[in-house]
1. 5 Å is the cut-off here: which amide hydrogens, built 1.01 Å from N in the peptide plane, fall below it relative to GLU129, excluding neighbours closer than 5 in sequence?
2. Stretch ARG120-ARG160 to full length: gain in nm at 0.36 nm per residue minus the Cα-Cα span?
3. Below 8 Å, C-alpha to C-alpha, sequence gap of six or more: please give me the relative contact order for region 2-196 in percent.
4. Largest first and to the nearest Å, give the Cα extent of the chain along each principal axis.
5. For the chain, build the charge dipole from Cβ charges (+1 Lys, Arg; -1 Asp, Glu) around the Cα centre, then report which of GLY60, THR98, PHE192 sits farthest towards its positive end.
6. Would you calculate, for the chain, the mean residue ellipticity at 222 nm contributed by helices, counting each DSSP H stretch of 4 or more residues as -39,500 (n - 2.57) and dividing by all residues, to the nearest 500?
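Please treat every number below as a calculation from the coordinates, not as lab data. Bear in mind that the values here come from a model prediction, so they are computed numbers and not experimental data. With ideal geometry, Cβ positions are generated from the backbone for all residues, glycine too; neighbour counts draw on all protein chains shown.
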Amino acid sequence: MKILAIGAHPDDIEFGCGGTIVLYSKNKHQSYFLVLTNGGKGGDPKLRRKEAIKSSKILGVKKIFFGDLIDTQVSYDISTITVIEKVINKVKPDIILTSSAKEIHQDHCNTALSTFAAARYIPTVLSYELPSTQQNFLAQYYIDISKSIELKMKALKEHRSQMHKLYFSTEAIFGLAKFRGNQIKTKFAEAFEVFRMTGKI
């Protein structure tokens, strides 16, 4: 099975579904990343790109793609949809994980909307939550990441240029995972909102 995780910035995917990606990789599925920008508004784009590559390797990602869009200017239009479609056509994923449309950050919201349009033929599309996701995010599908949260944290720590930010605190990351874990009676979990999910018999 092939999984494509899409994020607007370096570190988005790790925050939203890093633990899930580890589990997919360990189960011998092929995981791919598409990062739409190089995170230039949050630091040196070349450095942030290198951090994303190192982080993805920790999570067992087969290949990371970069969309080279402009940070804070990700739009919901044909230009962004085309960038995503090109990677979808290369990877041919069974599952796509992307940010939520219920976001206060326009890049995250537009990434989600553009993904939904580009992924119209993909059987399963799920949205992950980020520190900037709104409270009306509807957790519908959970993955137990109790066995992979340490690798998720290790991958996030590769984003050294961002570690000074409040939402990068260990307490915040483990706190959300513990909260979601408690909802499904496990230690740690990641939660997803279902855009589309197709089961097979």
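1. Those lying under 5 Å, H to H, from GLU129 are ALA191.
2. Working: separation 40, 0.36 × 40 = 14.40 nm, distance 3.56 nm.
Full extension of this stretch gives 10.8 nm more.
3. Numbers: 401 pairs, mean separation 51.0, N = 195.
Answer for region 2-196 is 26 percent.
4. So the three principal-axis extents are 47, 42, 34 Å.
5. Positive-end residue among those listed: GLY60.
6. Working: 6 runs with 78 residues, N = 201.
Computed ellipticity for the chain at 222 nm equals -12500 deg cm²/dmol.
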